[in-house]
Structures are given as C-alpha cells and as structure tokens.
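The values are calculated or read from the model by the stated rules, or taken from the named source; none is laboratory data. If you're wondering where the values come from, they're calculated on a predicted model, not measured in any experiment. Neighbour counts run over all protein chains shown; Cβ positions are idealised from the backbone, glycine included. Side chains are part of the model used for accessible areas, which takes the heavy atoms of the whole protein and leaves out ligands, DNA and RNA. Shrake-Rupley method; radii C 1.70, N 1.55, O 1.52, S 1.80 Å.
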Amino acid sequence: ARLDLESPRTAAAREKQDLAELEKDASLMVLKAESDGIFYHGSLDEGRWSVGELAKVLTKGGKVPFIKPFASVVPTGSDMTLIGYVDEPMARSLAKDLKGSLTAVGREDIPLTTTIASVASFPATDGKYRVDLGNGAPDGKIKWPAELNLATGMYFECRFVVHQNDNALTVPVKALQPVADGTWSVNVKTADGKGETRVVTRGRVSGDRAEILGGLENGQVVIVPD
C-alpha cells in the first residue's frame, strides 16, 4: 500500500516540476521593451529596415524562427541620424565636411542642409559604401524642424556638388582612347579633313561627358568612334 501511495506522490512531484518549468518558459514569451517607443517589424541593419523572409511568418499563427530578430523598438526621444549608401564611384567622389542640401520626400518646401561626417573606406556585403551625415555642429547632430514630423525610416534626397569647373571643356567619354603610357588621347579633325591623334589631360567624368584639362582647344572637332 505504501508503494502504491509513493508512486502517485512521485508522479505529482514531477508534474509540479514540469508545471514550474512551463510557467518559467511562458514568462519568457512576454516581450517587454526597456522604454516606450515605436514597434517595427523586422530588424534595422545599418540604417535599413529588413523584413525579408520574415514577411511570410509575421502573420497570425505564423511560427517565428529562432535566433533571427523579428521586431525592433525605437525608443521615444532617440536622436535621429541620417545615413546614406552609395556605390563605389560616388564614394570616391565624396569627402568629409562636404556641404550639401536635403529634401524630405513629400515636404520639399522645408529647406534642409547637411554635411558629410564620414565616408566608409570599405563596402558592405551588398557593395555599397556607408555615408554618415551631420550638419557641421560640434555634436554632429542635425537640427530637424518640428514641422517635419520626423520618423525612423524616412527617406531624403541628398545633393552634393563634388566638382565644379565653370570653364570646363568636355568631350564624350567614348572619344577617349587609352595610351600605353597611361595617358589618354582623342582623334580630332584637322583643317584638311583628316584625323589627327592628340594626347589630352583627362579630368573628372559626369555622365557620358569627360572633362579635358589640356591638349584640346574650344571649337576643335573631336571624332567619336561608333
């Protein structure tokens, strides 16, 4: 009889222990933010919101995968910074302390200025270079107008003048031909209608036009190959 009584007692003790463990696990499912803020689905990676494959499971009854973050909370009152990502040619053109202008999409009537705080010296996994923007203040923070109603994840159009030469002489990029010694040349039409090779000093490129710093004169006819 004592053995018959001990068996249920042992089973009851195990069930009590199992219940305690389940209640402990249940407490882990209650998500508590450390502060008030805005709840975003997905994760914020290097200034870019990323939901990706999580969009398929972030539904009622969906099973959230382990380890991968499925939500982010931006605390109320957080300092808002502006981050851009550019390709390699653009990254080489930008420099620290370069001043430019901003336009908030949808509020183009609000004038904004910015200054490049830093440009990454190496690309991210997608090949883009990170650019951190500020406004030149000692603390590096941009002073945002209250009427902008700034929110995390907003997009801005940024404009910088990286090179300016009001008297620039330009030719189509296709007209330039590389020379074995590392210089560049173009073919120009002479007075007798024939072609002549001229070594030129190449400058910056904008779109399909290349700046020529020397070797050509304004008005000369440059032959552009097909």
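Checked against the criteria, residue 202 counts as within 25 Å of residue 98 (Cβ to Cβ), in a strand (DSSP E or B) and out of contact with any Cys (no Cβ under 7 Å at 6 or more places or on another chain). Annotation: residue 151 fulfils all but one of (1) at pLDDT 90 or above; (2) more than 13 Å from the chain's Cα centre (by Cα); (3) aliphatic (A, V, I, L, M); the unmet one is (1). For the range 116-124, the criterion of a residue being open to solvent by 100 Å² or more (accessible area, probe 1.4 Å), over 21 Å from the mean Cα position of the chain (by Cα) and either closer than 30 Å to residue 224 by Cβ or without any contact (Cβ under 8 Å) to a residue 24 or more places away in the chain (or both) is satisfied by no position. Summed over the range 1-58, residues that are among the basic types (Lys, Arg), exposed (fewer than 10 other Cβ atoms within 10 Å of the Cβ) and not in a helix (DSSP H, G or I) total 1. Does at least one position in the range 42-63 carry a residue that is within 30 Å of residue 124 (Cα to Cα), touching a helix residue (DSSP H, G or I) at 6+ places or on another chain (Cβ under 7 Å) and at pLDDT below 80? Yes: one or more hits. Considering only residues in the range 59-93 that are closer than 18 Å to residue 118 by Cα, among the hydrophobic types (A, V, I, L, M, F, W, C) and not in a loop (DSSP other than H, G, I, E, B), the one that is most open to solvent (accessible area, probe 1.4 Å) turns out to be 90. Taking the range 187-199 as the range and being outside any strand (DSSP E or B) and of a type outside the set (A, V, I, L, M) as the test, the residues that pass are 190, 192, 193, 194. Taking each residue of the range 148-174 that is closer than 30 Å to residue 80 by Cβ and looking for partners that are part of a loop (DSSP other than H, G, I, E, B) and open to solvent by less than 100 Å² (accessible area, probe 1.4 Å) with beta-carbon atoms closer than 6 Å, six or more apart or interchain, yields 150/80; 150/144; 155/105; 160/98. Among the residues of the range 155-177, those that are surrounded by 15 or more Cβ atoms within 10 Å (Cβ to Cβ) and part of a loop (DSSP other than H, G, I, E, B) comprise 168, 176. So how many residues does the range 183-226 have that are open to solvent by less than 60 Å² (accessible area, probe 1.4 Å) and out of contact with any strand residue (DSSP E or B) (no Cβ under 9 Å at 6 or more places or on another chain)? Residues in the range 183-226 being open to solvent by less than 60 Å² (accessible area, probe 1.4 Å) and out of contact with any strand residue (DSSP E or B) (no Cβ under 9 Å at 6 or more places or on another chain): 1 in total. One residue stands out among those in the range 94-109 that are outside any loop (DSSP other than H, G, I, E, B) and either open to solvent by 50 Å² or more (accessible area, probe 1.4 Å) or touching a residue at least 60 places away in the same chain (Cβ under 8 Å) (or both): the one that is farthest from residue 132 (Cα to Cα), which is 109.
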